[in-house]
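Notes for the one structure printed next.
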Amino acid sequence: MSAAPAIDIDHLREWVGRRQEAEQCINPFPAQALASLLDRAQAPSIGDALPLPWHWLYFLETPTRAAIGIDGHPGRGGFLPPVPLPRRMWASGEIEVEQQLRIGDAARKVSTVRSVELKHGQSGPLVFVTVEHVLSQQGRTCLKELQHIVYREGPTSSTPLPSGLPAKDAAIWQSDWQADAATLFRYSALTYNGHRIHYDRDYATRQEHYPALVVHGPLLATLLLDLAQRAAPASRIARFDFRAQRPAFDTDALTLNGAPADDGRSARLWTTDSLGALGMSAHVGWH
């Protein structure tokens with residue numbers, strides 16, 4: 001295995017406080033396309049509230065061809081710190097909802113790098129970058145979000161996945177879901193995600209040594225929240241958080257699970273594979 005790259009954490013922390021702003025109309029097409037991908041019977045239109053977390057379809061990075069790396073991700077530096085570790089993953093996130101975004105209206109997004117931390121795990125150094133996003137419409141805050149990104153070394157050969165933890169809760173809501181290459185490609189297109197592990201099987205298996213195409217973490221989070229929204233369609237979401245614990249692949253037969261709390265104000269959500277191993281865990285709270 002090659003030596004770990006030197007990480008100047010003091011230099012990377014110079015990015016803390018860096019801020020960027022953008023404005024965009026919440027156009028109906030991305031939401032309508034995602035509704036089709038999720039097999040929703042009715043797609044939202046202008047004037048409707050944008051379901052959560054469909055705001056991930058908007059305010060997308062659009063780097064030039066010259067500005068992306070071999071993995072399809074944008075090059076390092078710029079708004080995010082230039083972490084010298086090749087594998088990047090959206091590990092977890094938390095969203096607070098003050099009011100829903102409205103389709104057809106202009107929106108503003110303010111993003112700020114909140115922290116950059118260096119840790120050491122069994123696989124080597126890990127750098128955690130936390131970014132805060134605040135989305136608003138007509139001068140009123142709609143969503144506040146914390147996005148936790150982890151950078152780590154890439155493998156040099158195929159290694160077994162860690163044993164998955166068994167799910168502890170009994171599900172009240174359940175839905176089977178099978179990934180496929182077309183679904184992953186369509187979601188990559190909707191989110192302008194060029195990372196090749198989601199659609200280029202040769203790259204995913206030969207270069208990053210995954211066993212198959214990797215299912216997007218945000219797609220799994222979207223599927224889990226969609227399960228809860230279908231089960232409780234009249235409820236207004238106040239908060240949502242999720243954590244990726246084990247990767248999922250297009251060869252996996254997954255089950256989406258949910259268990260509401262006794263008071264009806266919140267629910268636990270999680271994915272399991274065919275062996276019952278926990279993949280992503282999440283929590284939704286309602287007003």
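The values are calculated or read from the model by the stated rules, or taken from the named source; none is laboratory data. No experiment lies behind these values; they were computed from the predicted model shown. Positions of Cβ are backbone-derived with ideal geometry, glycine not excepted, and every protein chain shown enters the neighbour counts.
Yes or no, residue by residue, for (1) closer than 23 Å to residue 46 by Cβ; (2) at pLDDT 95 or above; (3) part of a loop (DSSP other than H, G, I, E, B):
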| residue | (1), (2), (3) |
| --- | --- |
| 85 | no, no, yes |
| 90 | no, no, no |
| 93 | no, yes, no |
| 104 | yes, yes, yes |
| 107 | yes, yes, no |
| 118 | no, yes, no |
| 132 | no, yes, no |
| 135 | yes, yes, no |
| 158 | no, no, yes |
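Pairing each residue of segment 58-77 that is closer than 24 Å to residue 23 by Cβ and touching a residue at least 60 places away in the same chain (Cβ under 8 Å) with any residue that is polar (S, T, N, Q) and not in a strand (DSSP E or B), provided the two are 6+ apart or on different chains, yields C-beta distances under 9 Å for 60/191; 60/193. Residue 55 fulfils the conditions (1) crowded, with 16+ Cβ neighbours inside 10 Å; (2) touching a Gly at 6+ places or on another chain (Cβ under 9 Å) except for a single criterion, (2). Go through segment 183-200 and report how many residues are of a type outside the set (A, V, I, L, M, F, W, C), in a helix (DSSP H, G or I) and touching a residue at least 24 places away in the same chain (Cβ under 8 Å). Number satisfying all stated conditions: 5. So is residue 112 in contact (Cβ under 8 Å) with a residue 40 or more places away in the chain, among the hydroxyl-bearing types (Ser, Thr, Tyr) and either surrounded by 14 or more Cβ atoms within 10 Å (Cβ to Cβ) or outside the structural domain of residue 74 (by TED's automatic domain parsing) (or both) or not? Taking the combined requirement at face value, the residue satisfies it.
Does residue 203 fit the bill of being closer than 22 Å to residue 154 by Cβ, part of a loop (DSSP other than H, G, I, E, B) and in contact with a helix residue (DSSP H, G or I) (Cβ under 7 Å, 6 or more places away or on another chain)? For residue 203, the condition - closer than 22 Å to residue 154 by Cβ, part of a loop (DSSP other than H, G, I, E, B) and in contact with a helix residue (DSSP H, G or I) (Cβ under 7 Å, 6 or more places away or on another chain) - is not met.
Quick grid of which residues meet (1) out of contact with any strand residue (DSSP E or B) (no Cβ under 7 Å at 6 or more places or on another chain); (2) without any contact (Cβ under 8 Å) to a residue 24 or more places away in the chain; (3) under 24 Å from residue 51 (Cα atoms):
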{"position": "229", "(1), (2), (3)": "yes, no, yes"}
{"position": "246", "(1), (2), (3)": "no, no, no"}
{"position": "255", "(1), (2), (3)": "no, no, yes"}
{"position": "270", "(1), (2), (3)": "no, no, yes"}
{"position": "274", "(1), (2), (3)": "no, yes, no"}
